[in-house]
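Shown next, in C-alpha coordinates, is the structure this report addresses.
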Amino acid sequence: MKKIKGLTRRALLSGTAISVIPASSFAQSINEGSPAWMKTPGESFNEYGLPSSQEINTKREIFQPYEEYAPGAGVAMTPLEKLEGIITPNGLHFERSHNGVPNIDARQHELLIHGLVETPLVFKIEDLLKYPMETKTYFIECGGNSFYNSNAFPIAIDRTCGSIHGLMSTSEWTGVPLKNILKEAGIKKDALWLLAEGADAGAMSRSIPLEKALDDTLIALYQNGERIRPEQGYPIRLVVPGWEGNISIKWLRRIKLTKKPTYTKDETSKYSDLLANGKTLQFTFPMEVKSVITQPTAGAIPLKKGPVHITGLAWSGLGKIKKVEVSTDKGKTWNTAHIDGANQKLSPVRFRYNWIWNGEECSIESRATDSKNNVQPQRKDWSIKYGLGHLYHNNSIQIWRIMPDGQIYNEYDDLAQNEKWSEE
Ligand code: CO
(Lines give C-alpha, C1' and ligand atoms only; values in the text may rest on other atoms or scores of the structure.)
Protein backbone atom coordinates (compact mmCIF):
# COMPACT_ATOMS: atom_id res chain seq x y z
CA MET A 1 0.00 0.00 0.00
CA LYS A 2 1.27 3.44 -0.90
CA LYS A 3 0.77 6.66 0.92
CA ILE A 4 -0.60 9.60 -1.01
CA LYS A 5 2.14 12.11 -1.66
CA GLY A 6 1.89 15.29 0.33
CA LEU A 7 -0.69 13.92 2.77
CA THR A 8 -0.51 16.24 5.72
CA ARG A 9 -0.25 15.19 9.33
CA ARG A 10 -3.58 16.90 9.88
CA ALA A 11 -5.22 14.71 7.25
CA LEU A 12 -3.66 11.61 8.76
CA LEU A 13 -4.91 12.47 12.20
CA SER A 14 -8.38 13.34 11.03
CA GLY A 15 -8.65 9.69 10.04
CA THR A 16 -9.65 10.47 6.48
CA ALA A 17 -6.87 8.46 4.86
CA ILE A 18 -3.91 6.66 6.37
CA SER A 19 -3.13 4.90 3.09
CA VAL A 20 -4.90 4.25 -0.20
CA ILE A 21 -4.54 1.72 -2.96
CA PRO A 22 -4.17 3.33 -6.40
CA ALA A 23 -6.97 2.14 -8.68
CA SER A 24 -4.44 0.72 -11.17
CA SER A 25 -3.11 -1.88 -8.73
CA PHE A 26 -6.27 -3.99 -8.99
CA ALA A 27 -8.05 -4.93 -12.17
CA GLN A 28 -11.20 -2.91 -12.77
CA SER A 29 -13.15 -5.99 -13.85
CA ILE A 30 -13.31 -9.56 -12.55
CA ASN A 31 -10.85 -11.68 -14.52
CA GLU A 32 -7.94 -14.10 -14.05
CA GLY A 33 -6.15 -11.59 -11.89
CA SER A 34 -8.99 -11.48 -9.39
CA PRO A 35 -8.42 -13.13 -6.00
CA ALA A 36 -9.29 -16.84 -5.65
CA TRP A 37 -12.30 -16.16 -3.41
CA MET A 38 -13.97 -14.31 -6.27
CA LYS A 39 -13.61 -17.19 -8.75
CA THR A 40 -15.36 -20.06 -6.90
CA PRO A 41 -18.58 -20.13 -4.86
CA GLY A 42 -18.08 -19.39 -1.19
CA GLU A 43 -18.87 -21.46 1.87
CA SER A 44 -22.46 -22.40 2.62
CA PHE A 45 -24.48 -21.32 5.67
CA ASN A 46 -23.69 -21.78 9.37
CA GLU A 47 -26.32 -22.41 12.02
CA TYR A 48 -24.15 -20.52 14.49
CA GLY A 49 -21.47 -18.21 13.16
CA LEU A 50 -17.89 -18.13 14.38
CA PRO A 51 -15.12 -15.52 13.97
CA SER A 52 -12.77 -15.76 11.00
CA SER A 53 -10.13 -18.45 11.43
CA GLN A 54 -7.58 -15.67 10.88
CA GLU A 55 -8.71 -14.07 14.15
CA ILE A 56 -7.88 -17.17 16.17
CA ASN A 57 -5.53 -15.18 18.42
CA THR A 58 -8.38 -13.02 19.68
CA LYS A 59 -8.99 -15.16 22.71
CA ARG A 60 -9.17 -15.10 26.49
CA GLU A 61 -6.04 -15.69 28.53
CA ILE A 62 -6.60 -18.39 31.13
CA PHE A 63 -5.06 -18.33 34.59
CA GLN A 64 -5.54 -21.43 36.78
CA PRO A 65 -3.45 -21.01 39.94
CA TYR A 66 -4.43 -24.45 41.31
CA GLU A 67 -4.59 -26.25 37.98
CA GLU A 68 -3.65 -29.72 39.23
CA TYR A 69 -6.27 -30.15 41.93
CA ALA A 70 -8.83 -27.40 41.20
CA PRO A 71 -8.85 -26.69 37.45
CA GLY A 72 -12.22 -24.92 37.78
CA ALA A 73 -10.78 -22.21 40.05
CA GLY A 74 -9.30 -19.26 38.21
CA VAL A 75 -9.98 -16.72 35.51
CA ALA A 76 -10.21 -16.26 31.76
CA MET A 77 -9.36 -12.67 30.83
CA THR A 78 -10.86 -10.55 28.04
CA PRO A 79 -8.29 -9.53 25.38
CA LEU A 80 -9.12 -5.82 25.69
CA GLU A 81 -6.35 -4.79 23.29
CA LYS A 82 -7.94 -6.82 20.46
CA LEU A 83 -11.43 -5.35 20.83
CA GLU A 84 -13.11 -2.07 19.88
CA GLY A 85 -16.25 -0.25 20.98
CA ILE A 86 -17.51 -1.07 24.46
CA ILE A 87 -19.41 -4.37 24.07
CA THR A 88 -17.52 -7.60 24.75
CA PRO A 89 -18.44 -10.50 22.45
CA ASN A 90 -20.10 -13.24 24.53
CA GLY A 91 -17.35 -15.77 23.90
CA LEU A 92 -14.74 -13.28 25.16
CA HIS A 93 -16.49 -11.98 28.30
CA PHE A 94 -14.15 -12.53 31.23
CA GLU A 95 -14.78 -15.51 33.42
CA ARG A 96 -14.08 -15.97 37.10
CA SER A 97 -15.12 -19.27 38.59
CA HIS A 98 -14.32 -20.74 41.98
CA ASN A 99 -15.24 -24.35 41.30
CA GLY A 100 -15.93 -24.82 37.61
CA VAL A 101 -18.93 -24.26 35.37
CA PRO A 102 -21.98 -26.32 36.43
CA ASN A 103 -23.85 -28.20 33.72
CA ILE A 104 -27.33 -27.04 34.74
CA ASP A 105 -30.54 -28.46 33.30
CA ALA A 106 -32.58 -25.28 32.79
CA ARG A 107 -35.87 -27.24 32.97
CA GLN A 108 -35.02 -28.47 36.47
CA HIS A 109 -33.36 -25.31 37.76
CA GLU A 110 -35.30 -23.25 40.31
CA LEU A 111 -34.92 -19.86 41.96
CA LEU A 112 -36.05 -19.73 45.59
CA ILE A 113 -36.98 -16.43 47.27
CA HIS A 114 -37.23 -16.87 51.04
CA GLY A 115 -36.16 -15.52 54.44
CA LEU A 116 -37.85 -12.30 55.59
CA VAL A 117 -40.66 -12.37 53.00
CA GLU A 118 -44.44 -12.67 53.41
CA THR A 119 -44.65 -15.60 50.95
CA PRO A 120 -41.65 -17.69 49.94
CA LEU A 121 -41.68 -18.22 46.16
CA VAL A 122 -40.08 -20.67 43.77
CA PHE A 123 -39.61 -19.76 40.13
CA LYS A 124 -38.88 -22.01 37.18
CA ILE A 125 -36.97 -20.43 34.29
CA GLU A 126 -40.08 -20.71 32.12
CA ASP A 127 -41.91 -18.56 34.73
CA LEU A 128 -39.22 -15.88 34.74
CA LEU A 129 -39.27 -15.72 30.94
CA LYS A 130 -42.90 -14.51 31.12
CA TYR A 131 -42.12 -11.45 33.27
CA PRO A 132 -41.62 -7.93 31.89
CA MET A 133 -37.92 -7.41 31.24
CA GLU A 134 -35.54 -4.54 30.74
CA THR A 135 -32.28 -4.21 28.79
CA LYS A 136 -29.26 -2.28 30.09
CA THR A 137 -25.62 -1.97 29.07
CA TYR A 138 -23.47 -2.56 32.13
CA PHE A 139 -19.84 -3.44 32.74
CA ILE A 140 -18.90 -6.17 35.17
CA GLU A 141 -15.46 -5.87 36.74
CA CYS A 142 -13.99 -8.49 39.06
CA GLY A 143 -12.94 -7.07 42.45
CA GLY A 144 -9.52 -8.58 41.74
CA ASN A 145 -9.08 -7.01 38.30
CA SER A 146 -5.60 -5.57 37.60
CA PHE A 147 -4.07 -7.78 40.31
CA TYR A 148 -0.90 -7.92 38.23
CA ASN A 149 -0.45 -4.21 39.01
CA SER A 150 -1.50 -4.55 42.67
CA ASN A 151 0.50 -4.73 45.89
CA ALA A 152 0.91 -8.45 45.20
CA PHE A 153 3.34 -7.49 42.40
CA PRO A 154 5.72 -4.76 43.68
CA ILE A 155 7.72 -4.77 40.42
CA ALA A 156 5.84 -4.16 37.17
CA ILE A 157 5.67 -7.21 34.95
CA ASP A 158 5.14 -6.95 31.23
CA ARG A 159 1.81 -8.20 30.03
CA THR A 160 -0.73 -7.05 27.47
CA CYS A 161 -3.59 -4.77 28.46
CA GLY A 162 -6.10 -7.64 28.55
CA SER A 163 -3.88 -9.89 30.61
CA ILE A 164 -3.57 -7.16 33.26
CA HIS A 165 -7.00 -5.48 33.11
CA GLY A 166 -9.14 -8.05 31.29
CA LEU A 167 -11.34 -8.97 34.26
CA MET A 168 -13.67 -6.22 33.01
CA SER A 169 -16.20 -6.85 30.26
CA THR A 170 -19.37 -5.18 29.07
CA SER A 171 -22.65 -6.61 27.83
CA GLU A 172 -26.17 -5.60 27.06
CA TRP A 173 -28.02 -7.53 29.79
CA THR A 174 -31.71 -8.35 29.59
CA GLY A 175 -33.69 -9.66 32.51
CA VAL A 176 -36.30 -9.19 35.19
CA PRO A 177 -35.70 -6.38 37.71
CA LEU A 178 -35.08 -8.10 41.05
CA LYS A 179 -37.30 -5.57 42.84
CA ASN A 180 -40.38 -6.86 41.00
CA ILE A 181 -39.76 -10.43 42.19
CA LEU A 182 -39.04 -9.30 45.77
CA LYS A 183 -42.20 -7.18 45.88
CA GLU A 184 -44.22 -10.15 44.68
CA ALA A 185 -42.87 -12.21 47.60
CA GLY A 186 -43.58 -9.30 49.97
CA ILE A 187 -40.60 -7.77 51.80
CA LYS A 188 -40.89 -7.88 55.60
CA LYS A 189 -40.12 -4.66 57.48
CA ASP A 190 -36.97 -5.91 59.19
CA ALA A 191 -35.33 -7.13 55.96
CA LEU A 192 -32.24 -4.99 55.21
CA TRP A 193 -29.93 -7.40 53.39
CA LEU A 194 -30.17 -10.38 51.16
CA LEU A 195 -28.07 -13.43 50.52
CA ALA A 196 -27.63 -14.46 46.88
CA GLU A 197 -26.31 -17.94 46.19
CA GLY A 198 -25.21 -19.75 43.03
CA ALA A 199 -25.79 -23.37 42.00
CA ASP A 200 -22.14 -24.11 41.26
CA ALA A 201 -20.11 -26.64 43.23
CA GLY A 202 -18.62 -23.75 45.21
CA ALA A 203 -22.09 -22.39 46.13
CA MET A 204 -20.69 -18.89 45.57
CA SER A 205 -22.67 -16.56 47.78
CA ARG A 206 -22.64 -12.89 48.76
CA SER A 207 -24.59 -10.48 50.94
CA ILE A 208 -26.19 -7.50 49.22
CA PRO A 209 -27.88 -4.50 50.86
CA LEU A 210 -31.61 -4.52 50.09
CA GLU A 211 -31.34 -0.93 48.83
CA LYS A 212 -29.19 -2.02 45.86
CA ALA A 213 -31.49 -4.98 45.18
CA LEU A 214 -34.43 -2.56 44.97
CA ASP A 215 -32.50 -0.12 42.78
CA ASP A 216 -30.96 -1.51 39.58
CA THR A 217 -30.22 -5.21 40.21
CA LEU A 218 -31.36 -7.55 37.43
CA ILE A 219 -32.07 -11.26 37.24
CA ALA A 220 -30.48 -11.58 33.81
CA LEU A 221 -31.53 -14.22 31.28
CA TYR A 222 -29.98 -12.75 28.14
CA GLN A 223 -26.54 -11.38 27.32
CA ASN A 224 -26.05 -9.40 24.11
CA GLY A 225 -29.32 -10.70 22.75
CA GLU A 226 -28.84 -14.42 23.34
CA ARG A 227 -29.38 -16.59 26.38
CA ILE A 228 -26.52 -16.29 28.86
CA ARG A 229 -23.64 -18.68 28.19
CA PRO A 230 -22.92 -21.50 30.69
CA GLU A 231 -19.72 -19.86 31.98
CA GLN A 232 -21.62 -16.60 32.52
CA GLY A 233 -24.32 -18.16 34.67
CA TYR A 234 -26.79 -20.07 32.47
CA PRO A 235 -29.74 -20.16 32.91
CA ILE A 236 -29.84 -17.04 35.17
CA ARG A 237 -27.39 -14.74 36.87
CA LEU A 238 -27.73 -11.72 39.05
CA VAL A 239 -26.35 -8.50 37.55
CA VAL A 240 -25.53 -5.99 40.28
CA PRO A 241 -24.28 -3.12 38.12
CA GLY A 242 -21.14 -1.22 39.06
CA TRP A 243 -20.33 -3.44 42.00
CA GLU A 244 -17.46 -5.92 42.31
CA GLY A 245 -18.08 -8.78 39.92
CA ASN A 246 -18.54 -11.72 42.25
CA ILE A 247 -21.69 -10.13 43.69
CA SER A 248 -23.29 -10.67 40.27
CA ILE A 249 -23.96 -14.27 41.32
CA LYS A 250 -23.93 -16.71 38.42
CA TRP A 251 -26.21 -19.77 38.25
CA LEU A 252 -28.50 -17.99 40.73
CA ARG A 253 -30.53 -20.47 42.79
CA ARG A 254 -31.51 -18.72 46.00
CA ILE A 255 -32.18 -15.27 47.44
CA LYS A 256 -32.77 -15.06 51.16
CA LEU A 257 -33.83 -11.80 52.78
CA THR A 258 -32.06 -11.19 56.08
CA LYS A 259 -31.62 -8.57 58.79
CA LYS A 260 -27.82 -8.53 58.57
CA PRO A 261 -25.09 -9.61 56.18
CA THR A 262 -24.54 -13.39 56.16
CA TYR A 263 -20.70 -13.10 56.22
CA THR A 264 -20.19 -15.88 53.71
CA LYS A 265 -16.78 -17.40 52.91
CA ASP A 266 -16.72 -15.39 49.68
CA GLU A 267 -16.85 -12.06 51.55
CA THR A 268 -14.66 -12.91 54.55
CA SER A 269 -11.81 -15.17 53.38
CA LYS A 270 -11.72 -13.25 50.09
CA TYR A 271 -12.89 -9.95 48.61
CA SER A 272 -12.12 -7.96 51.76
CA ASP A 273 -9.52 -5.19 51.62
CA LEU A 274 -6.42 -5.22 53.83
CA LEU A 275 -5.40 -1.65 54.67
CA ALA A 276 -1.90 -0.37 55.36
CA ASN A 277 -2.80 0.09 59.07
CA GLY A 278 -3.57 -3.63 59.43
CA LYS A 279 -7.36 -3.20 59.53
CA THR A 280 -9.57 -4.74 56.88
CA LEU A 281 -12.51 -3.26 55.00
CA GLN A 282 -15.32 -5.83 54.98
CA PHE A 283 -17.66 -4.48 52.30
CA THR A 284 -16.45 -2.18 49.52
CA PHE A 285 -18.99 -2.75 46.81
CA PRO A 286 -18.66 -0.24 43.94
CA MET A 287 -15.75 -0.53 41.53
CA GLU A 288 -14.11 2.90 41.53
CA VAL A 289 -13.45 5.20 38.57
CA LYS A 290 -10.89 3.75 36.18
CA SER A 291 -9.55 3.89 32.66
CA VAL A 292 -6.96 2.08 30.63
CA ILE A 293 -5.36 2.60 27.23
CA THR A 294 -6.12 -0.58 25.26
CA GLN A 295 -4.13 0.54 22.18
CA PRO A 296 -1.22 0.92 21.93
CA THR A 297 -0.32 -1.64 24.59
CA ALA A 298 2.51 -3.92 25.62
CA GLY A 299 2.63 -6.78 23.14
CA ALA A 300 4.28 -8.31 20.15
CA ILE A 301 4.01 -5.55 17.53
CA PRO A 302 6.40 -2.62 18.09
CA LEU A 303 4.98 0.87 17.68
CA LYS A 304 5.94 2.83 14.58
CA LYS A 305 7.01 6.46 14.66
CA GLY A 306 4.35 8.86 13.37
CA PRO A 307 0.59 9.08 13.90
CA VAL A 308 -0.76 6.95 16.74
CA HIS A 309 -4.45 6.55 17.54
CA ILE A 310 -4.55 6.16 21.33
CA THR A 311 -7.78 4.53 22.50
CA GLY A 312 -9.13 2.81 25.57
CA LEU A 313 -11.98 2.29 27.99
CA ALA A 314 -13.13 4.27 31.03
CA TRP A 315 -15.79 3.30 33.58
CA SER A 316 -17.01 3.95 37.10
CA GLY A 317 -19.18 1.89 39.42
CA LEU A 318 -20.33 5.16 40.97
CA GLY A 319 -21.93 6.82 37.96
CA LYS A 320 -21.02 8.09 34.51
CA ILE A 321 -17.68 9.16 33.09
CA LYS A 322 -17.24 12.93 33.16
CA LYS A 323 -13.91 13.13 31.34
CA VAL A 324 -10.88 11.15 30.28
CA GLU A 325 -7.45 12.75 29.93
CA VAL A 326 -4.40 11.37 28.21
CA SER A 327 -0.78 12.26 28.99
CA THR A 328 2.12 11.43 26.70
CA ASP A 329 4.78 13.08 28.86
CA LYS A 330 4.83 11.17 32.16
CA GLY A 331 1.85 13.06 33.53
CA LYS A 332 3.28 16.57 33.14
CA THR A 333 0.49 17.69 30.84
CA TRP A 334 -2.95 16.19 30.30
CA ASN A 335 -5.08 16.39 27.16
CA THR A 336 -8.82 15.83 27.05
CA ALA A 337 -9.69 12.69 25.09
CA HIS A 338 -12.72 12.42 22.82
CA ILE A 339 -15.49 10.26 24.29
CA ASP A 340 -17.42 7.99 21.89
CA GLY A 341 -21.02 6.93 22.19
CA ALA A 342 -23.84 7.34 24.65
CA ASN A 343 -22.01 7.60 28.02
CA GLN A 344 -24.66 5.88 30.16
CA LYS A 345 -24.57 5.28 33.89
CA LEU A 346 -22.55 2.20 34.90
CA SER A 347 -21.58 1.57 31.28
CA PRO A 348 -18.03 2.17 30.01
CA VAL A 349 -17.09 4.71 27.40
CA ARG A 350 -14.58 4.35 24.60
CA PHE A 351 -12.10 7.24 24.55
CA ARG A 352 -9.82 8.36 21.72
CA TYR A 353 -6.85 10.67 21.42
CA ASN A 354 -4.78 11.22 18.29
CA TRP A 355 -1.07 11.69 18.82
CA ILE A 356 2.17 11.80 16.89
CA TRP A 357 5.01 9.78 18.34
CA ASN A 358 8.40 11.31 17.56
CA GLY A 359 10.24 8.05 18.14
CA GLU A 360 11.72 9.05 21.49
CA GLU A 361 11.39 7.17 24.77
CA CYS A 362 8.20 8.28 26.55
CA SER A 363 5.21 6.97 28.41
CA ILE A 364 1.47 7.23 27.82
CA GLU A 365 -1.31 7.01 30.39
CA SER A 366 -4.99 7.83 30.81
CA ARG A 367 -6.88 9.29 33.77
CA ALA A 368 -10.65 9.18 34.21
CA THR A 369 -12.94 11.42 36.28
CA ASP A 370 -16.49 10.29 37.06
CA SER A 371 -19.74 12.19 37.47
CA LYS A 372 -19.18 12.32 41.26
CA ASN A 373 -15.80 14.00 40.60
CA ASN A 374 -13.78 10.98 41.72
CA VAL A 375 -10.42 11.04 39.93
CA GLN A 376 -8.50 7.89 39.08
CA PRO A 377 -5.41 7.75 41.34
CA GLN A 378 -1.74 7.27 40.53
CA ARG A 379 -0.55 3.79 41.44
CA LYS A 380 1.74 5.06 44.21
CA ASP A 381 -1.19 6.87 45.87
CA TRP A 382 -3.45 3.84 45.52
CA SER A 383 -0.81 1.38 46.70
CA ILE A 384 0.07 3.20 49.91
CA LYS A 385 -3.49 2.92 51.29
CA TYR A 386 -3.34 -0.88 51.35
CA GLY A 387 -1.33 -3.63 52.99
CA LEU A 388 1.37 -5.79 51.47
CA GLY A 389 -0.06 -8.22 48.96
CA HIS A 390 -3.45 -6.48 48.76
CA LEU A 391 -4.98 -6.81 45.33
CA TYR A 392 -8.67 -5.85 45.26
CA HIS A 393 -10.16 -2.60 43.92
CA ASN A 394 -7.05 -1.57 42.01
CA ASN A 395 -8.26 1.38 39.92
CA SER A 396 -4.86 3.05 39.59
CA ILE A 397 -3.54 4.63 36.41
CA GLN A 398 -1.85 2.30 33.91
CA ILE A 399 1.36 3.69 32.42
CA TRP A 400 2.71 2.22 29.19
CA ARG A 401 6.38 3.03 28.59
CA ILE A 402 7.41 3.27 24.96
CA MET A 403 11.06 2.65 24.10
CA PRO A 404 12.84 4.06 20.99
CA ASP A 405 12.62 0.63 19.30
CA GLY A 406 8.83 0.80 19.62
CA GLN A 407 8.55 -1.88 22.30
CA ILE A 408 6.01 -1.08 24.99
CA TYR A 409 6.36 -2.02 28.65
CA ASN A 410 4.26 -1.89 31.80
CA GLU A 411 5.54 0.86 34.09
CA TYR A 412 4.92 1.82 37.73
CA ASP A 413 5.29 5.36 39.01
CA ASP A 414 7.02 4.41 42.28
CA LEU A 415 10.68 4.16 43.22
CA ALA A 416 11.03 0.39 42.89
CA GLN A 417 10.15 0.57 39.24
CA ASN A 418 12.42 3.55 38.60
CA GLU A 419 15.31 1.58 40.09
CA LYS A 420 14.50 -1.29 37.78
CA TRP A 421 14.82 1.00 34.81
CA SER A 422 18.05 2.68 35.90
CA GLU A 423 19.70 -0.72 36.42
CA GLU A 424 19.11 -1.74 32.81
CO1 CO B 1 -14.74 -4.84 47.64
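The values are calculated or read from the model by the stated rules, or taken from the named source; none is laboratory data. Quantities reported herein were computed from a predicted structural model and do not represent experimental measurements. Here the Cβ is made from the backbone with ideal geometry for all residues, glycine too, and neighbour counts use every protein chain on show. Only protein heavy atoms, including side chains, enter the accessible area calculation; ligands, DNA and RNA are left aside. Shrake-Rupley method; radii C 1.70, N 1.55, O 1.52, S 1.80 Å.
Remarks
- When the Gaussian network model of the chain links Cα atoms closer than 10 Å, the mean-square fluctuations of Met77, Met287, Met38 top out at Met38.
- Candidate lysines - alpha carbon under 18 Å from Lys259, same-chain residues fewer than 8 apart omitted: Lys179, Lys183, Lys188, Lys189, Lys212
- Accessible surface computed residue by residue for the range 100-213, with neighbouring protein chains in place and a 1.4 Å probe, gives 39 Å² per residue.
- For the range 281-394: rounded, prolate or oblate by the Cα gyration tensor [a/c cutoff 1.5]: oblate
- Förster radius 60 Å - calculated FRET efficiency between Asn335 and Tyr131 (Cβ-Cβ, nearest 0.05): 0.80
- Electrostatic bookkeeping for Thr78 treats Lys and Arg as +1 and Asp and Glu as -1; over the other residues with beta carbon under 14 Å from its beta carbon, the sum is 0.
- Placing unit charges on each Cβ (+1 for Lys and Arg, -1 for Asp and Glu) gives the range 269-377 a dipole about its Cα centre, and among Val289, Asn343, Gly331 the Cα reaching farthest toward its positive end belongs to Asn343.
- Summing charges over neighbours of Asp105, with a neighbour being any other residue whose Cβ is under 13 Å away from its Cβ, gives +1 when K and R count +1 and D and E count -1.
- When a 1.4 Å probe is rolled over the protein heavy atoms, the share of accessible surface on the chain that falls to carbon and sulfur comes to 54 percent.
- Largest GNM mean-square fluctuation across Leu178, Leu257, Leu50, computed for the chain with C-alpha springs under 10 Å, falls on Leu50.
- Quotient of Cα Rg and 2.2 N^0.38 Å for the range 252-308, N being how many residues it contains: 2.01
- Each Lys and Arg adds +1 at its Cβ and each Asp and Glu adds -1 at its Cβ; summed about the Cα centre, the range 59-218 shows a dipole of about 160 debye.
- The loop-placed chymotrypsin sites (Phe, Trp or Tyr not before Pro) in the range 235-288, going by DSSP, that have at most 13 neighbouring Cβ atoms within 10 Å of their Cβ come out as Tyr263.
- Alpha-carbon centroids, the range 128-143 and the range 158-204: separation in whole Å: 9
- Of Asn410, Ile181, Ser150, farthest towards positive along the dipole that unit charges on Lys, Arg, Asp, Glu beta carbons give the chain: Ile181
- Shape of the chain, Cα gyration tensor, a/c cut at 1.5: oblate
- Spatial separation of Cα centroids for the range 321-399 and the range 245-302, in angstrom: 20
- Candidates Ala203, Ala191, Ala70, ranked by Gaussian network fluctuation over the chain, Cα under 10 Å, top entry: Ala70
- The residues of the range 226-271 expose on average 33 square angstrom of accessible surface per residue, using a 1.4 Å probe on protein heavy atoms.
- Think of it as helices only: each DSSP H run of n ≥ 4 in the chain is worth -39500 (n - 2.57), and spread over all residues that comes to -2000 deg cm²/dmol at 222 nm.
- Lys pairs under 12 Å by Cα in the range 273-424, provided they are eight or more residues apart or on distinct chains: 10
- Within the range 84-113: backbone nitrogen closer than 13 Å to the Ala73 label point (7 Å, Cα to C-beta): 97-100
- Calculated FRET efficiency for the pair Lys188/Ile384, C-beta based, R₀ 45 Å, to 0.05: 0.55
- Couplings for the range 260-270, taken from phi via the Karplus curve 6.51 cos²θ - 1.76 cosθ + 1.60 with θ = phi - 60°, read 10, x, 8, 6, 6, 4, 7, 10, 10, 6, 9 Hz in order; Gly and Pro are left as x.
- Assuming charge only on the beta carbon of Lys and Arg (+1) and of Asp and Glu (-1), the dipole of the range 128-182 about its Cα centre is about 200 debye to the nearest 20.
- An oblate overall shape is assigned to the range 57-118, the ratio a/c of its alpha-carbon gyration tensor axes (a ≥ b ≥ c) being 1.5 or greater and a/b not exceeding b/c.
- Total charge dipole magnitude, the chain, about the Cα centre, Cβ charges on Lys, Arg, Asp, Glu only, Debye to nearest 20: 980
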